[in-house]
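Rule-based calculations on the coordinates, nothing more; no lab input. Here the structure is a predicted model, which means the values were calculated and not measured. Methodologically, a virtual Cβ is constructed for each residue, glycine included, from the backbone with ideal geometry; neighbour enumeration extends over all protein chains shown.
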Amino acid sequence: MAGPLPWLRARMDDGWLETRTARTLTFDVPGWPGHDPGQHVDVRLTAEDGYTAQRTYSLASAPEEGRLVLTVQAVTEGEVSPHLVAQMRAGDECEVRGPVGGWFRWTAGTPGPVLLVAGGSGIVPLMSMVREKARTGDPAPFHLVYSVRTPDHVVYTNELFALSRTTPGLVVDRLYSRGGLPDDTRAPGRLRAADLPGPDATDVPPVVYVCGPTGFVESATEHLLDLGHRPSAIRTERFGPT
Amino acid sequence: MAVVTRGFHGRRREPDPRIPPGQYLETDFPVLAIGPTPRVSTDDWTLTVTDVDGSRSTLDWRGLRALPAEDVETDLHCVTTWSKLDTRWRGVPVGAVLGDAGAGAHHVLAHSADGYTTNLPLADLVDGRAWVAFEYDGRPLEPWHGGPVRLLVPHLYLWKSAKWLTGLELLREDSPGFWERLGYHSYGDPWREQRYVGD
């Protein structure tokens, strides 16, 4: 029988704000085995007097041994996320345990097209998949539909733009729910069925990954089912309350 | 040697003995599920109990509501580290749903409308420790929380409380369910932090 997953020492290497409230942090983690895109990791912070707090975060990076990248959205009234977003500096340490989660994941070499539907910071595990496709040159068609409140809320703006230009088979659609850009042809508004491709848009129906706040995932999956996607082809990750 | 995170203090509350190790107090009610919320109505909902000899009995909504129900006030513990205290439910004790079935059974595989499964020892489902629940906080159970009918096993991590419950399969031998095949603990006791295989 395998022993428990060990807690590993993680040293923050670099960090930058993606939006006013979301920050990417890179960590060196000796012994980290890598992960499958879509998986998450438990993060534990310990105060000087031994008080601890732990939370689960999606991994943002493509898999890599000994290193991982998180993008954390600061949660109002939160305990761990405000520290990661506003306090943690390069050289600071914490502990991580994982990777965990075996369902909401995509690995290079998996046959068939992929539809990714992200709401807000739900982009993070889907970005890990996009980065892995780009890194490995996997030929699977990828279509990312990414809904955010306004252009200011887009995480990974420049990288997504660059990847969409340089990665064969990758299509990126950005949608704004509250307010968009002057030349947008789509009026701002919540995700609609017309924003999503149906199961016939690809040679074979895609595997669909939906990640975002609970309300977003509920409505996105309703649209997907109405369009004819099969429930068993739709994998979800929800966060936050109803 | 503990790894101390420089400058971390935390948002501390009075320690609450009802919150297991590694958990934090959540006042909202987060939703976790592997796929779309299944469209299940009380008109088409059924629960099939499969005994160890393969014999089956099926309960529909009227049948469930004809069984004696109880009000349950309990705490919930999710493996993603949130705990919610003093939640109020109404449901039928699993023992009453199983009836005479289960002779020679030691384990149960619970089945959901979306294909989800989870395994539990039979002993953890009887003697007033688990319910087939249909109300939350005085109202019909919402679809995203597993309605119309879910399993409620509050003394184990919440992935054991299968939503959209459609089947209880009685087994002589343990058989891992959905998450239990994907690295999560077979039993899932929050007080022993049995989150993943090997914990």
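Do any trypsin sites (Lys or Arg not before Pro) in segment A:1-100 lie in a loop, going by DSSP, with at most 12 other beta-carbon atoms within 10 Å of their beta carbon, and if so which?
A:Arg20, A:Arg89
Counting DSSP beta bridges in the protein assembly as shown, what percent are antiparallel, to the nearest 5?
Looking only at bridges with both residues in the protein assembly as shown, the antiparallel portion is about 70 percent.
Over chain A, calculate the relative contact order: mean separation of alpha carbon pairs under 8 Å at least 6 apart, over the residue count, as a percent.
Reported as a whole number, the value is 18 percent.
Which whole number of Å³ per residue matches the convex hull of the alpha-carbon atoms in segment A:8-100?
90
Would you mind getting the Kirkwood hydrodynamic radius of chain A from its Cα pairs, rounded to one decimal in Å?
With all distinct Cα pairs of chain A included, I get 18.6 Å.
From the residues A:Ala194, A:Gly180, A:Gly102, which one has its Cα farthest along the dipole of chain A in the positive direction, the dipole being from +1 and -1 charges on Cβ of Lys/Arg and Asp/Glu about the Cα centre?
A:Ala194
Where a Cα-Cα gap under 24 Å defines reach, which lysines qualify for B:Lys84, not counting those fewer than 8 residues away within the same chain?
Within reach: B:Lys160, B:Lys163.
If contacts are Cα pairs under 8 angstrom and at least 6 residues apart, what is the relative contact order of segment B:79-141 in percent?
Over segment B:79-141, the number comes to 45 percent.
Exposure proxy check: A:Met88, A:Met127, A:Met12 ranked by fewest other beta carbons within 10 Å?
If I rank by nearby Cβ atoms, fewest first, I get A:Met12, A:Met88, A:Met127.
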